[in-house]
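Step one of this worksheet: look at the structure below.
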Amino acid sequence: MAAAHRARRRSFGGVVLVITTALIAAALLSFSGSVAPRANAAVTAQTWSDEFDGAAGRAPDATKWTLETGGSGFGNHELQYYTSSTSNAALDGQGHLVITARKNTDAGLGCWYGPCQYTSARLNTAQTFTQAYGRFEARIKIPSGQGIWPAFWMLGNDLGTVGWPHSGEIDIMENIGREPNTVHGTVHGPGYSGSGGLGSAYSLPGGRAFADDFRVFAVDWSPNSIVWSVDGTAYKTLTPADTGGNKWVFDHPFFIILNLAVGGDWPGGPDGSTAFPQTMTVDYVRASSSGGAPAARPVRGIGGMCVDVAGASSADGTPIQLHTCTGNAAQQWTIGGDGTLRALGKCLDVAGGSTADGAVVQLYTCNDTNAQKWAYTAAHDFISIAANKCLDAKGNSSADGTRLQTWTCTGAANQKWTVG
């Protein structure tokens, strides 16, 4: 478990928990994973985004975000007062939202412990956007310093009726200042909340700090799993089997939250080493979904050849090959929000769940294992989630009947694929 010392995040003030805005499905396909060839995302339709374009000093878009206010401590004994002021949340004119934590100069602001020491901002989409399942990602440059606690996370839209943790919570990214090169991904639900939350930590290699650059933090959420990734590298998968018999509450719409807390039970308070102001800079926030039943389309590889089910057979173990494009059903693939590629009612599968170079790819009954999960990146790689290797045309050949396999990603033409 990640963050065994983490306190709960309970319900907040300033949010009307009646969701009335319908989701507007985008018609345009979006490769929502990072361009890094380790993304864990399917080809999906973007349903919501904020790119934070606008003049410097402008407030966040009120049609997308609600700014919460107050100094209650938010269930964690946090020290900041959240304001709606542009001194704490504003666009920078360069396509970013900047959330700023400052030392407080307003003697009129009261917090749970007395006069507030700090101000900051917390934004949510509870009144404007909720969604069940899909990919949720943000590109963020986080701050650093003891007692600083940035987060990108989600809460269930039934929070106001069932309460926390029964509504569920998905923490896509949390960082505490004393861990500059580590972030945490966690879920909270009934029987696994607060210090018992389920998840994992991810640390940058080489001791690098997250505050040094922008990173893409994401979850890919399906009915049967939640997968966390940083810059396209998946580092944790949770399924209903991981709750120890407790209820899996990640089966309904959630809304998005961005915030920068100061102090609290988990990070502890700032000390003499902590500089202010602190800034959390957000390049974008995006959500995408398969939008219902995905359309079937061809997948083309080297030489313009199509990915084909040999003999148009739907039997388990049927080889997958390249073949001249004919438009028949054996060459029509659906790419779902759960990461599967399907044809003839079955899934593209790495035989035996192998992680070795040269593992054959076949058609097989869908079974929700990572051997049947694929990530399609902006670089046009299909990557096996189980093997972390690329879909590859054997021998760099484009001849009819060339078998497909998994192989270490090289960037070569026989590992590049176009959809549609």
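Brief remarks follow.
- For the chain, alpha-carbon Rg and Dmax in angstrom: 22.7, 77
- Pairs of alpha carbons in region 116-180 whose separation is greater than 17 Å (percent): 54 percent
- Remark: region 387-397, residue by residue, has Karplus-estimated 3J(HN,Hα) of 9, 6, 10, 8, 5, 9, 7, 4, x, 6, 9 Hz, where x stands for each Gly or Pro and the curve is 6.51 cos²θ - 1.76 cosθ + 1.60 at θ = phi - 60°.
- Taken along its three principal axes, the alpha carbon spread of region 100-211 comes to 42, 40, 28 Å, from the longest extent down to the shortest.
- Greater than 27 Å apart at Cα, pairs in K64/K373; K64/K247; K247/K373: K64/K373; K64/K247
- Qualifying trypsin sites (Lys or Arg not before Pro) in region 194-296, DSSP loop, other Cβ atoms within 10 Å at most 15: R208, K247
- Förster-model FRET efficiency, 56 Å R0, R297 and A107, C-beta, rounded to 0.05: 0.35
- Computed from the Cβ-Cβ distance with R0 of 25 Å, the FRET efficiency linking D271 to A55 stands at 0.10.
- Convex hull per residue volume in Å³, alpha carbons only, for region 299-419: 85 Å³
- Extension gain, Y235 back to L344 (0.36 nm per residue minus Cα-Cα distance, nm): 36.1 nm
- Potential lengthening between N367 and H380 on full extension [0.36 nm per residue; Cα-Cα distance subtracted]: 2.2 nm
- A412-S72 FRET efficiency (beta carbon distance; Förster radius 41 Å; 0.05 resolution): 0.15
- Kirkwood-Stokes translational diffusion coefficient of region 184-320, alpha-carbon pairs, 37 °C, 0.692 mPa s, µm²/s: 168 µm²/s
- Rotationally averaged projected area of region 192-254 (alpha carbon convex hull; nm²): 5.5 nm²
- Translational diffusion of region 155-213 was estimated from the Stokes-Einstein equation, with Rh taken as the Kirkwood radius over Cα pairs; at 37 °C and 0.692 mPa s the coefficient is 259 µm²/s.
- Residue-wise HN-Hα couplings along region 253-259, as the Karplus relation 6.51 cos²θ - 1.76 cosθ + 1.60 with θ = phi - 60° gives them from phi, are x, 10, 10, 9, 9, 10, 7 Hz; Gly and Pro carry x.
- Label separation (S313 vs T182): 5.1 nm, computed from points 7 Å beyond Cα along the C-beta direction.
- Residues of region 156-188 with amide N under 13 Å of a point placed 7 Å along Cα→Cβ from Q146: 177-179
- Once backbone amide H atoms are built at 1.01 Å from N, C409 has C390 as its partners under 5 Å, excluding neighbours fewer than 5 places away on the same chain.
Every read-out reported here was derived from the displayed coordinates using simple, explicitly stated rules and does not represent laboratory data. Note that the structure is a prediction, hence the values are computed from the model and not measured. Using ideal geometry, Cβ is built from the backbone for each residue, glycine included, and neighbour counts are taken over all protein chains shown.
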